[in-house]
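Structure record follows, encoded as structure tokens.
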Amino acid sequence: MSQQTSEAPQAPRGGLRRRLAVGLGAVGVALAISAGAVVLGGDGQEPAAPLGGAAVIGADVRALETHLKSRPKDDRGWATLGSARVEEARTSGDPAGYPRAADAFERSLKLRREGNDAALAGRAALAAARHDFTGALRDAGQALAVNPYSEQALAVRIDALVELGRYDQALKAAEEADLKRPGIPAFTRLAYVLELRGDTKGASRVLTLAMTSATAPGDIAYVATALGQLTWSQGQYDTALKHCATALRAEPRNIAALECRARTHAAQGKTAEAIREYEAIVARYPLPGQLVALGELYEAAGKDAEARRQYALIGTWASLARAGGVNPDLDTALAAADHGDKAVALKAAQAEWQRRRTVHTADALGWALYRNGRAKDALPYARKATATGYRNAAFLYHLGMVEQAAGAKAPARRSLTRALSLNPGFSPLAPAEIRRTLKNSAKETS
């Protein structure tokens, strides 16, 4: 490990856009990655793709700590340790590692304040993991000012722009990353931006091409899981399971791949199997989304007491997250709206909406308002959430229920029908509510 080296700038290597033009031009594919494309999507998900490249993902935190005991002035070593701690915390779901990561980055910057792009890019990844996307964008920009070819900084900048709802800039950043550092982090982020604007075919093509460049088990698992999640969201469950299986062959303990399979089994109505799989996931990774998924499966199976225990754990996670410097408002808003204190859900959703205005925060705020009996106030937000073309059955379900309560009966029927048509098993509980609502609506109009 060098004390002074930095990630060396590299020349552009062509990128996915060129490969798409060569490989798909014959079939007339017009992926919307041209300079004139407009991105209207956004998201509220964790930045899930590897942020630091294979070196960081594979870094051994304990080995780095041992190394730094003998070489405490290794600024690069401290930056690498910080990134490894971020990745370890992110993949384990334990936010307690984030303060230790922050300490490592500050140690690195104290040793080398100027030109330390590794520490700046790592600090940007840490900010993103804590849902401080404004800070992530700032630090990523500082890192790129030092090293315009930093793969980690290029990736975090895309994530931050998406999470701040600045979708047109996110697309441009993804194109730039594709040109400067083509690889799995750039490809998967480009695919997600396309998906958010409703171009699921384009997203699928990008991910399929990304698979051709994936050789490391972690990359194969990540891209195959992304394909599995995409096909699941479009109701293609058999195809989704094939992608999940590919991911699990590459990395049998990959949490995202395991959840991909469990979610698909749930959508297929294999409730007992999905429960067993989610129980194993939650034992390792007790985050709000997974806890809610398991709780709802318990409810669907008539195990209400077990469901309540899962929902109660979300508050514990939120406390730990805050202690680790993570802002959990979006996660708690979504969970509490359906399974907790509705007033708390609304307060959290409103706070998150003030910080960032994405399709996911719009959906969360609209749903929280609806759950608090304010359907007419909710309607503009529910419509914002679906206005990008993002094909998400849960968003359509929320919109339909809000429209129904606001008196917009015909639009409600269309939205609810679209949700079931797109992804009929998107939730263990919601489809039954949709069918009841549609049945009652039909009686009213007959």
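Annotations
- Compared with the dominant Cα axis of the chain, that is its longest principal axis, helix 237-250 is turned about 30°.
- Rounded accessible area per residue of the chain, 1.4 Å, Å²: 42 Å²
- Accessible area per residue was computed with a 1.4 Å probe on protein heavy atoms; W353 scores about 20 Å².
- Nearest-10 value in Å² for the accessible area of E279, using the 1.4 Å probe: 80 Å²
- Lysines whose Cα lies under 19 Å from that of K73, excluding same-chain neighbours fewer than 8 positions away: K110
- Treating r as the C-beta distance of A216 and R113 and R0 as 35 Å, the FRET efficiency rounds to 0.55.
- Computed over the alpha-carbon atoms, region 198-255 gives an Rg to Rh ratio of 0.96, Rh here being the Kirkwood radius from the mean inverse distance.
- Rg(Cα) / (2.2 N^0.38 Å) computed for the chain, rounded to two decimals: 0.98
- Long-range Cα-Cα pairs in region 141-281 (distance over 20 Å), rounded percent: 50 percent
- Translational diffusion coefficient (Stokes-Einstein; Kirkwood radius from C-alpha pairs) of region 84-216 at 25 °C, 0.890 mPa s, in µm²/s: 161 µm²/s
- Entries of K270/K303; K347/K439; K347/K376 with Cα pairs more than 25 Å apart: K347/K439
- The chain: angle of helix 430-445 to the longest principal axis, Cα-based, in degrees nearest 10: 40 degrees
- Taking the convex hull of Cα positions in region 352-446, its mean projected area over all directions (nm²): 5.9 nm²
- Relative to the dominant Cα principal axis of the chain, helix 359-371 is inclined by about 40°.
- Taken over region 97-153, the alpha-carbon convex hull comes to 62 cubic angstrom per residue.
- Anchor K180: lysines whose Cα lies under 21 Å away (excluding residues fewer than 8 positions away in-chain): K172
The values are calculated or read from the model by the stated rules, or taken from the named source; none is laboratory data. Fair warning: this is a prediction, and the values are worked out from it, not measured in the lab. Note that we place each Cβ from the backbone using ideal geometry, even for glycine, and neighbour counts take in every protein chain shown. All accessible areas refer to the heavy atoms of the entire protein, side chains included, with ligands and DNA or RNA removed. Shrake-Rupley method; radii C 1.70, N 1.55, O 1.52, S 1.80 Å.
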